[in-house]
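Laboratory data are not the source of any read-out in this text; all were calculated from the coordinates shown. Note that the structure is predicted; figures quoted are calculated from it, not measured. Cβ atoms come from the backbone with ideal geometry, glycine included; neighbour counts cover every protein chain shown.
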Amino acid sequence: MTSVLHAVWKKSRRCESGHCVEIADLAVAVGIRDSVTPQQHLIISPESFRVFVDGVKSGEFDRV
């Protein structure tokens, strides 16, 4: 697994405020963090990330 310290973190090109969600491919996992507090992060499985992204795309979280 790629170290979180050496990971390449990416954010949406649409994020202009500096308060952005960042994602890192850690080879066997996916890292997720807030750009404001990069020292705090979540590490989830690629499958869990796919399920989350599918939920976002389908509007599952629009009212949360």
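Data overview
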quantity: Sum of side-chain charges, His41 neighbourhood, beta-carbon under 15 Å (Lys, Arg +1; Asp, Glu -1); calculated: 0
quantity: 3J(HN,Hα) from dihedral phi, region 50-64, Karplus parametrisation 6.51/-1.76/1.60, rounded to Hz, x for glycine, proline; calculated: 4, 4, 4, 4, 4, x, 4, 4, 7, x, 4, 10, 4, 10, 7
quantity: Local electrostatic count at Glu22 - Lys and Arg +1, Asp and Glu -1, tallied over other residues with Cβ under 9 Å; calculated: +2
quantity: Segment Val4-Ile44, length gained on full extension (0.36 nm per residue, minus Cα span); calculated: 13.2 nm
